[in-house]
Amino acid sequence: MKYTRTCIAFCIALLLSSSLQAAQGPVLSYVVEQGGTAEIHWADTTGNIIRRIKTDVPNMGSLSWSPDGRYVAYQSNHEGTPNIYVMDVQNKTSRRLTNHEGRNLRPAWSPNGKWIAFVSDRAGEYLDVYRMDTDGSNVRRLTNQGNNWRPGWSPDSQWIAFTATHDRRTALYIMTADGRGRKQLKQDVSTSSGGTWSLNSKQIAFAAGNLFEDGINIRVIDTNRNNPQKLTQVGALSSATHPAWSPDGEWIAYSVKKIVNLPLPGVRVPIAEVYSKCTIHIVKAKGNAGEPREIVNGLPLQPMPAWVPEIAFPVSPSTEKQTTLWGRLKQGKK
């Protein structure tokens, strides 16, 4: 009888935990500096923090998750110039993937799990998009014109969206995974725009606008250049950048910073006094579907939000707590 009651109690706890996790929806990750090292936070779409992953990595940024959710690629300059690393989230061990003079930035893990795209100035003064295997081998240069930024993979891993600055103008482009078929989608976008794809690969979200008029805002455009939409209204002197489309296709996350102290020409002001604290917001991917929602605020540096693959949830704290609970309940039946 005691064993039966124990099993019933465990099943009830498991169902409650599963319901809570289902209600959370997609999970967003971002980096918070704690005592000189990085802590990765997971938050649901209400802003509730559901997991904190402590690391011993300083200056971690630009998170990009492997499709199975076990690994996260990131950039860090703790060994000198910025390089790309991969961390095993379960045992917190990291390995360095790039080992080349110059800057290596903005990793982006392909959805098929085969490659990591990144940008580097290893070939000269300009940043180019590169692709490598997930162990750091078979590095391939994909662009060779102007400064190139923020690669983003299509869901089928066949295309890469990116921004490029040439002749003082920045535009949004797409190209094939091997660097061919380059096509311009939109001119005059933000260098922090990025290019994040919808689930059906028919739309791309990016950032564009005039900082001194209505600000830099998140926008969406079809990959055939049709149906441009504006999803945010941050206002003058504010920038909404680094968009990230959620795994369920419902949300686009982005970060916001605002100029609160515009320095006079020629006057040097510490960067911390120019901008307010940064925030992360989410907005429905379909326009006119509700106001943006603030997820986290008070961040000193502009974060780059990254959605956690849904497959990672079985190793989430909820599952860990269930396992611990089951162990205690089994002990209790003796």
Condition (residue is in a strand (DSSP E or B) and surrounded by 12 or more Cβ atoms within 10 Å (Cβ to Cβ)) applied to segment 269-278: is it met by at least one residue? yes
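Filtering segment 291-306 down to residues that are open to solvent by less than 30 Å² (accessible area, probe 1.4 Å) and assigned to a strand (DSSP E or B), which residue is nearest to TRP197 (Cα to Cα)?
Residues of segment 291-306 open to solvent by less than 30 Å² (accessible area, probe 1.4 Å): 295-296, 299, 303, 305-306.
Filter once more, keeping what is assigned to a strand (DSSP E or B): 295-296, 299, 306.
Working: ILE295: 21, VAL296: 23, LEU299: 26, ALA306: 13 Å.
Among those that are open to solvent by less than 30 Å² (accessible area, probe 1.4 Å) and assigned to a strand (DSSP E or B), it is ALA306.
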Go through (1) outside any loop (DSSP other than H, G, I, E, B); (2) within 24 Å of ASP133 (Cβ to Cβ); (3) in contact with a helix residue (DSSP H, G or I) (Cβ under 6 Å, 6 or more places away or on another chain) and name the single condition ARG51 misses. (2)
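When the residues of segment 176-223 are narrowed to those that are part of a loop (DSSP other than H, G, I, E, B) and acidic (Asp, Glu), which ends up surrounded by the fewest Cβ atoms within 10 Å (Cβ to Cβ)? Spell out how you get there, then give the answer.
Step one: list which residues in segment 176-223 are part of a loop (DSSP other than H, G, I, E, B), which gives 177-182, 188, 190-195, 198-202, 211-214, 223.
Pick out the ones that are also acidic (Asp, Glu) and you get 178, 188, 213-214.
Working: ASP178: 11, ASP188: 11, GLU213: 9, ASP214: 15.
Result: GLU213.
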Taking into account only those residues within segment 124-133 that are under 20 Å from the mean Cα position of the chain (by Cα) and over 15 Å from ARG150 (Cβ atoms), which is least open to solvent (accessible area, probe 1.4 Å)? MET132
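Is segment 142-151 home to any residue that is touching a residue at least 12 places away in the same chain (Cβ under 8 Å), outside any loop (DSSP other than H, G, I, E, B), of a type in the set (S, T, N, Q) and out of contact with any Cys (no Cβ under 6 Å at 6 or more places or on another chain)?
Narrowing segment 142-151 to residues touching a residue at least 12 places away in the same chain (Cβ under 8 Å): 142-151.
With the extra rule that they be outside any loop (DSSP other than H, G, I, E, B), the set shrinks to 147-151.
Still in the running and of a type in the set (S, T, N, Q): 147-148.
Checking the rest, the ones that are also out of contact with any Cys (no Cβ under 6 Å at 6 or more places or on another chain) come to 147-148.
For segment 142-151, residues touching a residue at least 12 places away in the same chain (Cβ under 8 Å), outside any loop (DSSP other than H, G, I, E, B), of a type in the set (S, T, N, Q) and out of contact with any Cys (no Cβ under 6 Å at 6 or more places or on another chain): present.
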Looking only at segment 56-68, count how many residues are open to solvent by less than 20 Å² (accessible area, probe 1.4 Å) and not in a strand (DSSP E or B). 3
Cβ pairs under 6 Å, 6+ apart or interchain, first in segment 211-224 and over 14 Å from ILE174 (Cα atoms) and at pLDDT below 95, second aliphatic (A, V, I, L, M) and open to solvent by less than 20 Å² (accessible area, probe 1.4 Å), ordered by first then second residue, are none
PRO243 open to solvent by less than 20 Å² (accessible area, probe 1.4 Å) and either in contact (Cβ under 8 Å) with a residue 24 or more places away in the chain or more than 16 Å from the chain's Cα centre (by Cα) (or both): yes
Tally time: how many residues in segment 69-104 are open to solvent by 70 Å² or more (accessible area, probe 1.4 Å), part of a strand (DSSP E or B) and either polar (S, T, N, Q) or closer than 22 Å to TYR126 by Cα (or both)? 1
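May I ask you to list the residues in segment 152-175 that are assigned to a loop (DSSP other than H, G, I, E, B) and open to solvent by less than 20 Å² (accessible area, probe 1.4 Å)? Lay out the reasoning, then the answer.
Pass one, segment 152-175, residues assigned to a loop (DSSP other than H, G, I, E, B): 154-158, 167-168.
If the condition is that a residue be assigned to a loop (DSSP other than H, G, I, E, B) and open to solvent by less than 20 Å² (accessible area, probe 1.4 Å), then SER154, SER157 are the ones that fit.
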Within segment 102-123, how many residues are within 19 Å of ARG182 (Cβ to Cβ) and either of a type in the set (Asp, Glu) or over 20 Å from the mean Cα position of the chain (by Cα) (or both)? 1
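The values are calculated or read from the model by the stated rules, or taken from the named source; none is laboratory data. Treat the numbers as computed from the prediction; the structure is a model and nothing was measured. Positions of Cβ are backbone-derived with ideal geometry, glycine not excepted, and every protein chain shown enters the neighbour counts. When the accessible area is computed, the model is the full protein with side chains, heavy atoms only, and any ligands, DNA or RNA have been set aside. Shrake-Rupley method; radii C 1.70, N 1.55, O 1.52, S 1.80 Å.
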